[in-house]
Amino acid sequence: MTIGVLVFPGSNCDRDMMYVLETIMGHKVVELWHKDSDLKGVDMVVLPGGFSYGDYLRSGAIARFSPLMNAVIDFANNGGYVLGVCNGFQVLCESGLLPGALLHNTSHRFTCKNVHITPANHASAINADLSDEALCIPIAHGEGRYYISDEDLKTLEDNNQVIFRYSQPDGTVDDSANPNGSINNIAGVCNSNRNVFGMMPHPERAADENLGNTDGAKIFASLLANVKALAQ
């Protein structure tokens, strides 16, 4: 499977993502520059973390208008699989490919630390093969507070579009486990067609044995195995 990793000016997790997808997970990786207009025939697109365009105006708001995003939007609307992590999640929300928005953390501070997340269900490619155990995954964001209207939240929950929630190490979901004030402890969501995924925690920073944590590799393994199976 060939995976394209989109690079914006200000992306800083693109190399980490490419390394994990290619060296750890064993897939072909293609770098996609934001000014391009062609996705080069990739089977899946990943938008990595960072500070696209310096996060001026609002995180992800300018990157949404990059030339290549038109191709990404068409790709997703035609059933192509897309993953956005951290800033990539923000870009997907700004582009309308995912519901909701990412607001400033309730602390109004940039937060960088390990947190725990648990699968909210097993209804999507990204969490289908995971157990119910909590995963230790790093976060690094200042605008990670997921927000959505009450009406749309009900739709999201009813459709099992929440993919991960912030939790305690034992999997308990409560307010004290919420690092940014996200509604319903939401750490990641998918679209109604289950082919576009966004999450604030960084699985690529927890996927190498040399880092002492491979919980993130479990997320990639579920996603990539199921995307490959569905594409066949």
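The values are calculated or read from the model by the stated rules, or taken from the named source; none is laboratory data. Source: prediction; values computed, not measured. All Cβ positions, glycine included, derive from the backbone under ideal geometry; neighbour counts span all protein chains shown.
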Close pairs (9 angstrom Cβ cut-off, 6 or more residues apart or separate chains): of a type in the set (Lys, Arg) in the range 137-158, assigned to a helix (DSSP H, G or I) and modelled with pLDDT of 95 or more anywhere: Arg145/Ile183
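If I ask for residues that are in a loop (DSSP other than H, G, I, E, B), closer than 21 Å to His141 by Cα and under 17 Å from the mean Cα position of the chain (by Cα), which ones from the range 179-201 would you list?
Across the range 179-201, the qualifying residues are Pro179, Asn180, Ser182, Met200, Pro201.
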Single residue of the range 1-52 satisfying the filter (of a type in the set (Ser, Thr, Tyr) and at pLDDT 95 or above) that is nearest to the chain's Cα centre (by Cα): Tyr19
Subset of the range 143-172 (residues that are within 17 Å of Arg194 (Cα to Cα), outside any loop (DSSP other than H, G, I, E, B) and of a type outside the set (D, E, K, R)): Leu153, Thr155, Leu156, Val162, Ile163, Phe164
Residue in the range 202-221 that is aliphatic (A, V, I, L, M) and not in a helix (DSSP H, G or I) present: yes
Sole residue being of a type in the set (A, V, I, L, M, F, W, C), buried (at least 17 other Cβ atoms within 10 Å of the Cβ) and more than 15 Å from the chain's Cα centre (by Cα), chosen from Leu83, Leu97, Leu103: Leu103
